[in-house]
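Below: one structure, written as structure tokens.
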Amino acid sequence: MDGRGVLIVRNAQSGTAVIRSDPATTFAERLPGAVVHELAEGEDLAEVVAEAMKSDAAPDVLGIYGGDGSVSRMAHLARQHDRRLLAMPGGTFNHFVRALGIEGVDDAIDAYDADSAVAVGVVEATADAGEPVTVLNAVSIGAYPELIEERERRSSLGKWIGGAVATAVALRRAEPLTIVRDGRRARVWSVFVSVGRNDPDRVATMQRQETDAAVLDVRVHHARGSKVRAFASLAFGKRSAAVLRAIGLFPRDADIERLVVRELELQVRPEPGHPSVFVHDGELEERAPGGFTLRCVAVPRALTVFAPPGAPGAPSSPR
């Protein structure tokens with residue numbers, strides 16, 4: 001296939017901390033019939049897709065080259081417009097595409113050429129009475145969103161330096177927040193809501209482990225340990241977590257509560273002076289001060305994504 005009927009939106013702002021080759025040549029050589037649109041700073045992805053869908057040659061496939069945030073936004077639009085998703089890694093971590101066995105742009109295009117796709121489960125997350133957003137990896141409240149909020153305030157310092165400064169500031173300012181679930185109140189450092197079942201040894205379940213996810217895997221880190229343990233729990237790599245566990249900095253098992261449910265509703269109440277925020281797929285969402293209600297619902301087989309034949313999960317029928 002030459003890419004006719006494919007719209008690819010490229011987010012050039014994604015993955016600026018990682019050196020990688022420009023995909024433009026690959027697109028031109030392997031998908032010469034595709035329409036490639038580079039997302040300008042301040043340009044709205046939803047408006048770009050809506051404009052394309054109104055044309056006489058509306059795309060059959062929505063493609064995205066970017067990080068997890070860009071991919072999750074395009075996944076939401078693919079669901080809205082009932083289109084298949086061609087997701088290509090162009091960010092720093094690329095958690096979602098890596099979970100599908102896609103390590104590079106060519107892997108995704110190979111899957112498209114072979115018409116190899118999987119039906120993917122998602123989570124719909126709603127804050128207060130807002131519109132639900134599509135989540136591909138995880139939703140989080142507590143220490144991680146506050147760290148992201150601090151990092152975004154220091155974005156002019158660059159990803160890594162800004163991240164180091166933000167971590168130091170967030171560690172100094174960190175306080176537990178209060179959640180209420182089913183009438184029960186708890187003080188917690190963080191809550192992670194993963195799309196599908198995840199590694200039982202992790203707290204920060206930032207990368208999904210299942211394809212057709214029909215449940216939420218929830219990790220509640222109760223505020224019975226130190227601030228250092230609260231931030232050590234954010235290690236999402238197996239090696240990092242193993243090292244922290246070995247030196248006694250990782251949270252104790254007794255401080256972590258795990259729930260496997262189909263839906264979850266939490267009232268979130270941060271301490272005065274702390275932001276009302278949550279993160280989904282690396283994207284920070286801010287709410288009015290004082291707290292908010294967060295509802296997460298698992299939606300199995302919600303989206304069709306091109307993926308290699310060896311990707312976890314049964315392949316969907318070609319469309």
**Q.** For segment 30-46 versus segment 102-132, the gap between their alpha-carbon centres in whole angstrom
**A.** 17
Q.
Just to verify a number: FRET efficiency for Asp82 and Arg184, C-beta to C-beta distance, R0 = 35 Å, to 0.05?
A. 0.30
Q) Cβ under 13 Å from Glu43's Cβ, Glu43 left aside: what net charge do those residues give with Lys, Arg +1 and Asp, Glu -1? A) -3
Q) Can you list the GluC sites (Glu not before Pro) in segment 1-82 that are in a DSSP coil and have 10 or fewer other beta carbons within 10 angstrom? A) Glu41
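Determine Rg/Rh for segment 86-130; Rg is computed over alpha-carbon atoms and Rh is the Kirkwood hydrodynamic estimate from the same atoms.
1.11
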Q | Where labels lie 7 Å past Cα in the beta-carbon direction, separation of Ala58 and Arg173 in nm | A | 4.5
Q: Would you pull out the residues with amide H under 5 Å of Phe93's amide H, same chain only if 5 or more places away, H placed 1.01 Å from N?
A: Asp68
Q) Once the other residues with Cβ under 10 Å from the Cβ of Pro176 are scored (Lys, Arg +1; Asp, Glu -1), what is the net sum? A) +1
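Fully extended, how many nm does the chain gain between Asp44 and Arg4 (0.36 nm per residue separation, minus their Cα-Cα distance)? All intermediate terms of the calculation are to be shown ahead of the outcome.
Details: separation 40, 0.36 × 40 = 14.40 nm, distance 2.34 nm.
Length gained, Asp44 through Arg4: 12.1 nm.
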Q) What does the charge count near Ala214 come to, summing +1 for each Lys or Arg and -1 for each Asp or Glu among other residues with Cβ under 12 Å from its Cβ? A) -1
**Q.** Those residues of segment 276-312 whose amide nitrogen sits under 12 Å from the label point placed on Ala129, 7 Å along Cα→Cβ
**A.** none
**Q.** Two-site FRET efficiency, Ala214 against Arg295, from Cβ-Cβ distance with R₀ of 22 Å, rounded to 0.05
**A.** 0.80
Q. Say each of Glu271 and Glu257 gets a label point 7 Å from the Cα, pointing the same way as Cα to Cβ; how far apart are those two points in nm?
A. 2.0
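Each reported figure results from applying straightforward, stated rules to the coordinates on display, with no laboratory input. Here the structure is a predicted model, which means the values were calculated and not measured. Because the Cβ atoms are built from the backbone with ideal geometry, glycine has one as well, and the counts that use them run over all protein chains shown.
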